[in-house]
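Read the structure below first, then the notes.
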Amino acid sequence: MPIDITALDHLVINVTDVRQSAQWYHRILGMEIKVFDPGHGKTPRTSLIFGAQKINLRPLSVDKAEWFTADHEAAGSDDLCFLTSASPEQVVAHLAANNVAIEEGPIVKQGARGALRSVYCRDPDGSLIEISSYESPDA
């Protein structure tokens with residue numbers, strides 16, 4: 001019998017420039033930047049906090065002896081979907097005001113709980129960022 005997974009706590013994305021990426025996610029997606037100490041004499045790490053989740057930013061230049069990493073890390077290889085209470089029109093206006101190119105949208109997509117209205121853009125490394133809201137407030 002499989003174990004019961006209840007939520008995603010955090011994920012790690014590989015980036016070429018931690019500061020640039022942190023500032024982009026803060027400015028464009030409103031995430032809080034936190035620097036934390038992993039202990040054991042290791043280099044401080046940078047996280048992005050939003051809701052009850054966080055994203056850790058791992059530089060590609062990381063010392064593999066110090067950081068526990070994936071086998072095939074690459075910056076710009078992520079596809080991430082974030083939920084917002086903003087309308088797709090508000091998302092489009094915000095991205096335009098911040099000179100962030102829209103790749104696609106607004107467009108209807110399928111989310112974990114039903115139909116999403118999504119707008120796509122890219123982060124500084126080229127990862128695909130989907131900013132979405134559920135069509136029905138009950139979803």
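Given 10 °C and 1.306 mPa s, compute D for the stretch 77-139 with the Stokes-Einstein relation, Rh being the Kirkwood radius over Cα pairs; round to the nearest whole µm²/s.
135 µm²/s
Where a Cα-Cα gap under 19 Å defines reach, which lysines qualify for Lys64, not counting those fewer than 8 residues away within the same chain?
Lys42
Run the numbers on the chain and let me know its relative contact order in percent, using alpha-carbon pairs under 8 Å that are six or more apart.
Reported as a whole number, the value is 22 percent.
Calculate the dipole size of the chain relative to its Cα centre from +1 charges on Lys and Arg beta carbons and -1 charges on Asp and Glu beta carbons; express the result in debye to the nearest 20.
300 debye
Grab the DSSP H runs of the chain that are 4 residues or longer, score each as -39,500 (n - 2.57), total them, divide by all residues and round the 222 nm result to the nearest 500 deg cm²/dmol. Write down the numbers at each step before the final one.
Working: 2 runs with 22 residues, N = 139.
One gets -5000 deg cm²/dmol as the mean residue ellipticity at 222 nm.
Report, in degrees rounded to the nearest 10, the 0 to 90 angle that the Cα long axis of helix 88-97 makes with the longest principal axis of the chain.
60 degrees
Under the classification rounded if a/c is under 1.5, otherwise prolate if a/b is larger than b/c and oblate if not, where does the stretch 36-78 fall, given a ≥ b ≥ c as square roots of the Cα gyration tensor eigenvalues?
oblate
Determine, from the Cβ-Cβ distance of His26 and Asp71 and an R0 of 25 Å, the FRET efficiency 1/(1 + (r/R0)^6), rounded to the nearest 0.05.
So, using R0 = 25 Å, E works out to roughly 0.25.
Using alpha-carbon pairs under 8 Å, 6+ residues apart, how would you state the relative contact order of the stretch 77-139 in percent?
Dividing the mean separation by the residue count of the stretch 77-139 yields 40 percent.
Using 0.36 nm times the number of residues separating Leu128 and Asn99, minus their current alpha carbon distance, what extension gain do you get?
8.8 nm
For the stretch 1-63, compute the orientation-averaged projected area of the C-alpha convex hull (one quarter of its surface), in nm².
Details: hull surface 23.6 nm².
Mean projected area of the Cα convex hull: 5.9 nm².
Using per-residue counts of other Cβ atoms within 10 Å, averaged over each peptide, order 23-35, 94-106, 62-74 from highest down.
Output ranking for 23-35, 94-106, 62-74: 23-35, 94-106, 62-74.
If you compute Kirkwood radius over Cα pairs in Å for the structure shown, which of (i) 16.4; (ii) 19.5; (iii) 15.3 do you land on?
(i)
Using the Cβ atoms and a cut-off under 13 Å, what net charge is assigned to the surroundings of Ser132, where Lys and Arg are +1 and Asp and Glu are -1?
-1
Counting pairwise Cα distances across the stretch 47-115, what percent come out greater than 18 angstrom?
On the way: 1388 of 2346 pairs.
For the stretch 47-115, the share of Cα pairs beyond 18 Å comes to 59 percent.
Values quoted throughout were computed directly from the atomic coordinates according to the rules given, and no laboratory measurement underlies them. Only a predicted model underlies this, so the values are computations on that prediction, with no experimental measurement involved. Virtual Cβ from ideal backbone geometry, glycine too; neighbours counted across all protein chains shown.
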